[in-house]
Amino acid sequence: MKNNPYQPIIIWLLCGCFLIIGMVIIGGITRLTGSGLSMVEWNVVMGAIPPLNDQQWQEAFDKYKHYPEYLNINYDFSISNFKHIFFWEYLHRLIGRLIGIVFMVPFIYFWIKKKFDMPLLLKLFIILVLGGFQGVLGWYMVQSGLIDNPDVSHYRLAAHLISAFTVYAYTFWVTLDLIYHTFSLLGRGVGGEVSSIRKGVIALFALVILQIIYGAFVAGLDAGKLYNTFPKMGDEWIAQSVTAMKPFYLNFLESRGGIQFVHRCIAYVVFTFTIVLWYKSRSLALSPQQKLGFNLLFLAVCIQVTLGIFTLLYSVPIVLGVLHQLGALVLFTTIIYLLHQLKFSPIQKEHVL
């Protein structure tokens, strides 16, 4: 990357990617500590300044007391309890603002300096729109917990999470395009027919996105605390609560038992499919980067499945819950990297004599 003319832009976009990773981690902590509804006002500018004295803290706490979470759940909270949950939500929103600044200031600078060609400029505008939409979805999600029910909608939570992953994925993909823009990697040529294994990785990517959505459903409904045994759900392979809701399809959208069951099943499929793809890749003539991608994918899915099992067995403690969410992002990242590497050249079977 040393001789790459896009190096400053690459560093800038990678900083954005790392900030989004931090945003996802803090978002997980915010959810697991029950902090997400502590800030009841949405003020883009002045909201960046936290309460600075006892009077301001009391005013913020008094506003919180008018909303369902305090009235129905946290009615015994002291102001020190409130400060603790306020901290995580404030930090979450502060990082969101920081991401906006980190994107906009260098963007304007590079634009003035004419560092963007038109295709790159359009891609950066897409990132800007996606980031703005992510912020709006965050506000929309929080609003669902400030009306009657002191819990955010798990549908809105899933939309908020998957939009964060989308911003991250597109930013990372654009960054990879810039990194490999002037480099011809050893043993690879641009073009060629898309191989079956790349189609398999695309299918795996779709499965992982579905699993991330169901992970958000599990988090939104606290379904991870329902059956804390593995591999069975309690004493059964399929718990009775999995099919208890009417109409039947709601079991897989709104039932805690049904959603945990689907999350488990998709995990089995993702793990098995990954192992098959990794094993198949070993018989193909791949570039070093492609081999690295498959090996990282194999490692990431093993770690993620292990984290998922222990997170379940220990009833979703904060540390394991956050690591499991981070593991999903790592697995997601390895697939993006692998797909990017597989787009360059055809894959051919090695001839074994």
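Just so you know, all these numbers are worked out from the coordinates, no wet-lab data involved. Fair warning: this is a prediction, and the values are worked out from it, not measured in the lab. Virtual Cβ from ideal backbone geometry, glycine too; neighbours counted across all protein chains shown.
If you check G293 against the conditions, is it under 25 Å from G224 (Cα atoms) and either of a type outside the set (A, V, I, L, M, F, W, C) or without any contact (Cβ under 8 Å) to a residue 12 or more places away in the chain (or both)?
So G293 does not fit the description; no.
For the condition among the aromatic types (F, W, Y) and within 22 Å of K225 (Cα to Cα), Y279 does not qualify.
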